[in-house]
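The values are calculated or read from the model by the stated rules, or taken from the named source; none is laboratory data. This one's a predicted model, so the numbers in the text were calculated from it and none came from an experiment. Don't worry about glycine lacking a Cβ; one is built from the backbone with ideal geometry, like all the others, and counts go over all protein chains shown.
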Amino acid sequence: MNLELVLPILIPLTAGALSLAFWRSVRVQRLLAVIATGLLLGVSIWLMRSTIAQGFLVVEVGSWPAPFSIVLVSDVLGAIMIVLTSIIGLAIAIYSLASTPPGHEKFGYYPLMHLLLAGVSGAFLTGDIFNLFVWFEVMLLASFALLTLGGERAQMEGAIKYVTLNLFSSAIFLSAVGLLYGMVGTLNMADIAQKVSQVEDPGMVTVVSLLFMVSFGIKAAAFPLFFWLPASYHTPQVAVSALFAGLLTKVGVYALYRVFTLIFTQDVGYTHTIMLWAATITMLTGVLGAAAQFEFRRILSFHIVSQIGYMLLGLALFTPLALIGGVFYIMHHIIVKTNLFLVSGITYRLLGSYELKNLGGVYRQRPYLALLFLIPALSLAGIPPLSGFFAKFVVIRASLEASEYFISGIALLVGLLTLYSMIKIWAEVFWKKVPEHVTDVSRLNGEVKDPRSWAFYVPVVGLAFCTLIIGLYGQPIYVLAETAADQLMNPQLYIEAVLGGQSK
Amino acid sequence: METLMAYVIGLLFAASIYMMLRRSIVKLVIGLIILSNAANLLIFVVSGLTRGAPPLIPEGTAEAAGAVADPLPQALILTAIVIAFSVLAFAVVLIRRAYEVVGTDDLAQMKDTDT
């Protein structure tokens, strides 16, 4: 029994239940949020250490032997994702102490946050494909409720698109699981991977794999299925936006990585070529959409789409180097994107608006805040020595080695355009003078408070520090990504770890 | 039987997508309800419509005598129904709130958050 493998799911679930029990006392819920996410971070580092030491950790729930029970599996990729989840969870919990409006806290903000973290952790650790669906739904229900907390008009409109598209994607996922079960008669992912090559009609397997690709593509916001994301991600309050931006789409990307390296590798030429072009167009449309926007959080939302393209590119090229790049990119992106949303929340508190034309002069007021914005922004654009440079470098190097010169050209161009829109934010929000039509800067929104609370800055500084560490001490992180990619390229290791002696 | 069910499932999927493409949010939710039922029915049919006894094994034996029904798809569908039910309950509350806040049930008027 590996306790560290079960705790990342149990801690948030327990914390969520306890928060519900202390429904009336917001103070206890706040304390619980920080303690539970802090514990989660500790456990996830423990999980990472023992996963690296042992290669794979497997827990058979209820002590049934592997193909019959639901298994929890942690390989290096899963452990990396859990560590990132807990870092983001802790950052958001601290940030929420200062930023969440009291009305939201009274209506179950903290229980929902814990539930979301439990769903995300469960999705990263499960080794059973139907169980993956269940964890997706846990995560989605929590995210639906978080998205609509507050009930403003924009939130309602965004939520209808978000809910509809995600339910549609879940239905496709469920149908695909059903079809797969009909073909191979098992739900354990390792067992499926072993049996899928013996299916009489390999064309049907490819069809099912495309159903999975569409379903996870919707959740990951890949072209042409991404339009729910820029319609909804900027509508909730900023801590929720940051949590979603960091984690939710990455669960879709993780599911694609898992399924398309472990199970559906029998027709790589067909499936991964489709993914390659989807990834390329995702990068391009995302960044062009961002260039057309003049609202802080909408620009950032469109950039999520564009960065998802790089991660998918890593998977689509399907070489060891490309997978290393993809995993590295996921690590870098989760931290950087959350941080950018958190910074946008601080400027909102300062100036009372997200519209670029109403913002200005932050550099004059808060030079250190401008620096804190620059670190993740330049990292996102891929300026060395920050984390994004190495991530982009490895992915583009892999695409050059695979002789996809056109695609590497697009990837480089997208990097430039990312820099353009980050400079646009920099020039409008931080550099230019306060616009003349904004007469009373600090009271534009009525309820604007000066963000002096330490809870605003601790997570932002912490995440910026993580970005710097990934950039400056890249070697150990790269080795970690290399181990993860190595395990992904050899699904036989995963199958043997889960099924033990029963695999052939 | 399987062929007939395949057509029924196809019809359900087509109907649900048609409903989801309508402009009214009430019809959108009806489309989602039909969609989840279509997916459940698909799981049930695709894993084989075997007519058999419940998979109960007599005491002291390792295998059941005669044909048994596969319990797993039924367990899957049961889980999926519960999940779909909770999600749809949320969706119904959402459209009610959305109707109150936006003041219309026409999806074409809900374009504020688009680009």
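Report yes if some residue within the stretch A:73-82 is among the hydroxyl-bearing types (S, T, Y), crowded, with 21+ Cβ neighbours inside 10 Å and either in contact with an Asp or Glu (Cβ under 9 Å, 6 or more places away or on another chain) or on the phi < 0 side of the Ramachandran plot (or both); otherwise report no. First the steps, then the outcome.
We begin by selecting, within the stretch A:73-82, every residue among the hydroxyl-bearing types (S, T, Y); these are A:74.
Now restrict to residues that are crowded, with 21+ Cβ neighbours inside 10 Å: A:74.
Next, only the ones that are either in contact with an Asp or Glu (Cβ under 9 Å, 6 or more places away or on another chain) or on the phi < 0 side of the Ramachandran plot (or both) stay: A:74.
Among the residues of the stretch A:73-82, at least one is among the hydroxyl-bearing types (S, T, Y), crowded, with 21+ Cβ neighbours inside 10 Å and either in contact with an Asp or Glu (Cβ under 9 Å, 6 or more places away or on another chain) or on the phi < 0 side of the Ramachandran plot (or both), which makes the answer yes.
Do you know which of the residues in the stretch B:14-24 that are within 12 Å of chain A (Cβ to nearest Cβ) and of a type in the set (S, T, Y) is nearest to A:S215 (Cα to Cα)?
B:S16
Which of the residues spanning the stretch A:206-238 are more than 22 Å from A:L147 (Cβ to Cβ) and at pLDDT 90 or above?
Answer for the stretch A:206-238, where residues must be more than 22 Å from A:L147 (Cβ to Cβ) and at pLDDT 90 or above: A:T206, A:V207, A:V208, A:S209, A:L210, A:L211, A:F212, A:M213, A:V214.
Would you say A:K219 is within 30 Å of B:T104 (Cβ to Cβ), within 11 Å of chain B (Cβ to nearest Cβ) and of a type in the set (D, E, K, R)? Before you say what the answer is, go through the steps one by one.
Values: within 30 Å of B:T104 (Cβ to Cβ): yes; within 11 Å of chain B (Cβ to nearest Cβ): no; of a type in the set (D, E, K, R): yes.
So A:K219 fails the test.
Could you please give the count of residues in the stretch B:1-58 that are basic (K, R) and closer than 16 Å to B:A69 by Cβ?
Number satisfying all stated conditions: 1.
Can you name every residue in the stretch A:84-112 that is within 15 Å of A:A123 (Cβ to Cβ) and not hydroxyl-bearing (S, T, Y)?
A:L84, A:I88, A:G89, listed by residue number.
Quick one: in the stretch B:63-88, which of the residues that are in a loop (DSSP other than H, G, I, E, B) and touching a strand residue (DSSP E or B) at 6+ places or on another chain (Cβ under 9 Å) is nearest to A:S170 (Cα to Cα)?
To start, the set of residues in the stretch B:63-88 that are in a loop (DSSP other than H, G, I, E, B) comprises B:63-67, B:69-70.
Narrowing further to those that are touching a strand residue (DSSP E or B) at 6+ places or on another chain (Cβ under 9 Å): B:64-67, B:69.
On the way: B:A64: 35, B:A65: 38, B:G66: 36, B:A67: 33, B:A69: 27 Å.
Step by step, filter the stretch B:63-88, then rank; the result is B:A69.
Tell me, please, whether a residue that is touching a strand residue (DSSP E or B) at 6+ places or on another chain (Cβ under 8 Å), in a helix (DSSP H, G or I) and surrounded by fewer than 23 Cβ atoms within 10 Å (Cβ to Cβ) can be found in the stretch A:353-370.
The answer is yes, given that some residue of the stretch A:353-370 is touching a strand residue (DSSP E or B) at 6+ places or on another chain (Cβ under 8 Å), in a helix (DSSP H, G or I) and surrounded by fewer than 23 Cβ atoms within 10 Å (Cβ to Cβ).
Within the stretch A:465-502, which residues are within 20 Å of the chain's Cα centre (by Cα) and either surrounded by fewer than 14 Cβ atoms within 10 Å (Cβ to Cβ) or not in a helix (DSSP H, G or I) (or both)?
Of everything in the stretch A:465-502, just one residue is within 20 Å of the chain's Cα centre (by Cα) and either surrounded by fewer than 14 Cβ atoms within 10 Å (Cβ to Cβ) or not in a helix (DSSP H, G or I) (or both), namely A:F465.
I want to confirm something. Restricting to the stretch B:56-115 and keeping residues that are under 16 Å from the mean Cα position of the chain (by Cα) and among the polar types (S, T, N, Q), which single residue is modelled with the lowest pLDDT? Before the answer, list the steps.
The first filter runs over the stretch B:56-115 and keeps only residues under 16 Å from the mean Cα position of the chain (by Cα), leaving B:73-92.
Those left that are additionally among the polar types (S, T, N, Q): B:74, B:79, B:86.
Details: B:Q74: 87, B:T79: 92, B:S86: 91.
Residue satisfying both the conditions and the ranking: B:Q74.
Output the number of residues of the stretch A:361-380 satisfying the condition of being farther than 22 Å from A:G415 by Cβ and among the polar types (S, T, N, Q).
1
Please pick out the residue among A:T285, A:T265 that is part of a loop (DSSP other than H, G, I, E, B) and surrounded by fewer than 24 Cβ atoms within 10 Å (Cβ to Cβ).
A:T265
Just need a number here: residues in the stretch B:89-110 that are more than 9 Å from every other protein chain (Cβ to nearest Cβ) and either closer than 15 Å to A:S232 by Cβ or touching a Ser or Thr at 6+ places or on another chain (Cβ under 6 Å) (or both).
1
Take the stretch A:141-165 and flag every residue that is more than 8 Å from chain B (Cβ to nearest Cβ) and farther than 17 Å from B:L107 by Cα.
Within the stretch A:141-165, A:A142, A:S143, A:L146, A:L147, A:L149, A:G150 meet the criteria.
Run A:K195 past the list (1) crowded, with 24+ Cβ neighbours inside 10 Å; (2) modelled with pLDDT under 90; (3) within 26 Å of B:I77 (Cα to Cα) and report the number of the one that doesn't hold.
Of the numbered conditions (1) crowded, with 24+ Cβ neighbours inside 10 Å; (2) modelled with pLDDT under 90; (3) within 26 Å of B:I77 (Cα to Cα), the odd one out for A:K195 is (1).
Could you check, for the stretch B:55-62, whether at least one of its residues is within 9 Å of chain A (Cβ to nearest Cβ) and either among the acidic types (D, E) or surrounded by fewer than 19 Cβ atoms within 10 Å (Cβ to Cβ) (or both)?
Checking the stretch B:55-62: not a single residue is within 9 Å of chain A (Cβ to nearest Cβ) and either among the acidic types (D, E) or surrounded by fewer than 19 Cβ atoms within 10 Å (Cβ to Cβ) (or both).
Residue-by-condition table, conditions (1) among the β-branched types (V, I, T); (2) under 23 Å from the mean Cα position of the chain (by Cα); (3) closer than 21 Å to A:L321 by Cβ; (4) part of a helix (DSSP H, G or I):
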| position | (1), (2), (3), (4) |
| --- | --- |
| A:L374 | no, yes, no, yes |
| A:L378 | no, yes, no, yes |
| A:G409 | no, no, yes, yes |
| A:G415 | no, yes, yes, yes |
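Starting from residues that are in contact (Cβ under 8 Å) with a residue 24 or more places away in the chain and of a type outside the set (A, V, I, L, M, F, W, C), keep the ones in the stretch A:198-227 and report whichever is farthest from A:V163 (Cα to Cα).
A:P202
From the set of residues in the stretch A:43-66 that are of a type in the set (S, T, N, Q) and loosely packed, with under 15 Cβ neighbours inside 10 Å, which is nearest to A:I477 (Cα to Cα)?
By that ranking, first place goes to A:Q54.
Yes or no, residue by residue, for (1) farther than 25 Å from A:T282 by Cα; (2) among the charged types (D, E, K, R):
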| residue | (1), (2) |
| --- | --- |
| A:K357 | yes, yes |
| A:P367 | yes, no |
| A:A377 | no, no |
| A:K392 | no, yes |
| A:E401 | no, yes |
| A:V414 | no, no |
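Being within 22 Å of the chain's Cα centre (by Cα), in a helix (DSSP H, G or I) and under 29 Å from A:I334 (Cβ atoms) narrows it down to one of A:F244, A:F226, so name that one.
Among A:F244, A:F226, only A:F244 is within 22 Å of the chain's Cα centre (by Cα), in a helix (DSSP H, G or I) and under 29 Å from A:I334 (Cβ atoms).
Assess whether A:L116 counts as being surrounded by fewer than 24 Cβ atoms within 10 Å (Cβ to Cβ) and either part of a helix (DSSP H, G or I) or among the hydroxyl-bearing types (S, T, Y) (or both).
So A:L116 fails the test.
Condition check ((1) within 9 Å of chain A (Cβ to nearest Cβ); (2) in a loop (DSSP other than H, G, I, E, B); (3) within 18 Å of the chain's Cα centre (by Cα)) across all residues:
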| position | (1), (2), (3) |
| --- | --- |
| B:M5 | no, no, yes |
| B:L12 | no, no, yes |
| B:V26 | no, no, yes |
| B:L35 | yes, no, yes |
| B:N40 | yes, no, yes |
| B:V45 | yes, no, yes |
| B:R51 | no, yes, no |
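Residue-wise test of (1) in a helix (DSSP H, G or I); (2) within 14 Å of chain B (Cβ to nearest Cβ); (3) touching a helix residue (DSSP H, G or I) at 6+ places or on another chain (Cβ under 7 Å); (4) acidic (D, E).
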position	(1), (2), (3), (4)
A:V177	yes, yes, yes, no
A:G182	yes, yes, yes, no
A:T186	no, yes, yes, no
A:I192	yes, yes, yes, no
A:K195	yes, no, yes, no
A:V207	yes, yes, no, no
